[in-house]
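The values are calculated or read from the model by the stated rules, or taken from the named source; none is laboratory data. From a predicted model like this one, the values you see are computed outputs, not experimental measurements. All Cβ positions, glycine included, derive from the backbone under ideal geometry; neighbour counts span all protein chains shown. SASA here: full protein model, heavy atoms, side chains in, ligands and nucleic acids out. Shrake-Rupley method; radii C 1.70, N 1.55, O 1.52, S 1.80 Å.
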Amino acid sequence: MGHVFPRHTKSQLPTAVAGDGCYIVDQNGKRYLDGCCGAAVSCLGHSDTAVQEAIKIQTDKLSFAHSGFFTSEPAEDLADLLIANAPEGIDRVYFVSGGSEAVEAALKLARQYHLERGDDQRSHVIARWQSYHGNTIGALSAGGNKWRREPFMPMLVPMSHIDPCYPYRDQNEGESDEAYGLRAANRLEEEILKVGAEKVSAFICEPVVGATMGAVAAAPGYLKRIREICDQYGVLLILDEVMCGMGRTGTLFACEHDDITPDILCIAKGLGAGYQPIGAMLCTKGVYSAIENGSGFFQHGHTYQAHPTACAAGLAVLTTMLERDLLTNVRHRSEQLTKALTDAFGQHPHVGDIRGRGLFIALELVKDRDTKEPFDPALSVHARIKKAAFELGLMCYPMPGTIDGKNGDHILLAPPFIIEDQHIDEIVEKLSQSFTMLEELSATE
């Protein structure tokens, strides 16, 4: 690995040398089907010529211009296209380099929004456990991934967290989906009243929880009730669609499924599809107007925000998605992949739940299907599955701590939007082979 600081110092990783559609090729010529788009990033696969050409054209014209001096055509065009397809009321786009930056910007904008309106007491943020919002200090403080938070607890900003919307483990027997969604959402009102409504700045959540819980969509009516509560108490609603947005769930924005508009919306990953680092924070006209008609200056900024080459890539990615109608393919392939997974694992003794939306699907692994008892965390089931699948040439995204940050394992699948029948067959076949160890692990406990 030379002098690169890797994610894990004990790991010996192959070297990626080429991309070919849904596959990555290493230095030995081995092909890996990207069943998770890295981390739900490479939605167009790894060799989209339209995006590659757009980047080359832009670098020939202008690679970089600092946003403190200039705007650029790619930034303006991408913002216009996003707003033309955004939920009603979303009006402005603030480009950054990734998801953590988008969340940091959202948290700070929420605070400044209240300040500009003379409401200086509102600084407290409420989030959810088992969420993930990024690794910078503010984003990590909002996140509810206890394993990621633990080493840095003395450094984190005080925020409060409510229980997630987690039907598989939290919905009562005989309770309707709608009743459960309402009950789960009302936890926000309880927390607002506990903290003091006059102190709460914003509530942040993922419409479909990604890495930490594994493709858990909000129950019917949950986000509508959340929106009502935020409106009632003057709290801004921030939706983190960094992982679940940009077509991943079958609509361009994940919140379209729930028919709501947040005050602030965070996107990244699929916006650049891995071709360039880019993310964005979007907000309503009302939030923007508070700054525009107040100080006029959002007290925030990054060197590479609205980077022209990154925006050119994002524009090409979004244009490709829309012109090729890839969202229809996402919905079609979602049905196929869900059926194939259900046929293969629906009665598997160690698969407790198969869930998700669009091409964002997870399998929750359990020791006992009837009791929902998880595997012993010491077994590192998630890591074993990842290793076995990778050796077979399949990239998937297993994670531990599904239930509470310590217990539980799941496998997240988030393949490219361009997958075809044979890719679905390959995902299921190789995942099945990697599951052979589960019986042995269960017997050892």
statement: Listed by first then second residue, the pairs whose first member lies in region 210-223 and is within 17 Å of residue 262 (Cα to Cα), whose partner is open to solvent by 10 Å² or more (accessible area, probe 1.4 Å) and part of a strand (DSSP E or B), with beta carbons under 8 Å and at least 6 positions apart or on separate chains, are 217/355; 217/356
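If you take the residues in region 228-263 that are among the β-branched types (Val, Ile, Thr) and more than 15 Å from the chain's Cα centre (by Cα), which one is farthest from residue 83 (Cα to Cα)?
Taking region 228-263 and keeping what is among the β-branched types (Val, Ile, Thr), we get 229, 235, 238, 242, 249, 251, 260-261.
When the remaining residues are screened for being more than 15 Å from the chain's Cα centre (by Cα), the result is 229, 235, 260-261.
Numbers: 229: 26, 235: 23, 260: 15, 261: 13 Å.
If we take residues in region 228-263 being among the β-branched types (Val, Ile, Thr) and more than 15 Å from the chain's Cα centre (by Cα), then 229 is farthest from residue 83 (Cα to Cα).
Conditions (1) open to solvent by less than 40 Å² (accessible area, probe 1.4 Å); (2) hydroxyl-bearing (Ser, Thr, Tyr); (3) modelled with pLDDT of 95 or more; (4) within 30 Å of residue 357 (Cα to Cα), marked per residue:
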residue	(1), (2), (3), (4)
25	yes, no, yes, yes
28	no, no, yes, no
48	yes, no, yes, yes
52	no, no, yes, yes
- prompt: Taking region 112-156 as the region of interest, how many residues are closer than 23 Å to residue 288 by Cα, buried (at least 19 other Cβ atoms within 10 Å of the Cβ) and touching a strand residue (DSSP E or B) at 6+ places or on another chain (Cβ under 8 Å)?
  reply: 9
Residues of region 337-354 that turn out to be open to solvent by 30 Å² or more (accessible area, probe 1.4 Å) and within 22 Å of the chain's Cα centre (by Cα), as a count: 3
field: Long-range neighbours under 7 Å by Cβ, at least six apart or interchain, first residue under 17 Å from residue 101 (Cα atoms) and crowded, with 24+ Cβ neighbours inside 10 Å within region 261-277, second modelled with pLDDT of 95 or more and of a type in the set (D, E, K, R)
entry: 265/241; 266/240; 266/241; 267/241; 270/248
field: All positions within region 299-320 that are closer than 20 Å to residue 281 by Cα and part of a helix (DSSP H, G or I)
entry: 308, 309, 310, 311, 312, 313, 314, 315, 316, 317, 318, 319
- request: From 378, 388, grab the single residue that is more than 23 Å from the chain's Cα centre (by Cα), open to solvent by 50 Å² or more (accessible area, probe 1.4 Å) and of a type in the set (Gly, Ala, Ser).
  value: 378
query: Taking region 255-298 only, how many residues are part of a strand (DSSP E or B) and not hydrophobic (A, V, I, L, M, F, W, C)?
result: 2
Failed criterion for residue 364 (all others in (1) under 23 Å from residue 264 (Cα atoms); (2) under 21 Å from the mean Cα position of the chain (by Cα); (3) open to solvent by less than 20 Å² (accessible area, probe 1.4 Å) hold): (1)
task: Being touching a His at 6+ places or on another chain (Cβ under 9 Å), closer than 25 Å to residue 143 by Cα and either small (Gly, Ala, Ser) or open to solvent by 50 Å² or more (accessible area, probe 1.4 Å) (or both) is the filter here, so list the residues in region 59-100 that pass it.
output: 97, 99, 100
task: Would you be able to tell me the number of residues in region 205-234 that are closer than 19 Å to residue 266 by Cα and out of contact with any Gly (no Cβ under 9 Å at 6 or more places or on another chain)?
output: 8
Residues satisfying the stated conditions in region 186-209, i.e. farther than 16 Å from residue 122 by Cα and of a type in the set (Lys, Arg): 187
- request: Note down all Cβ pairs under 6 Å where the first residue falls in region 115-130 and is closer than 20 Å to residue 104 by Cβ, the second is in a strand (DSSP E or B) and open to solvent by 30 Å² or more (accessible area, probe 1.4 Å), and they're at least six residues apart or on different chains.
  value: none
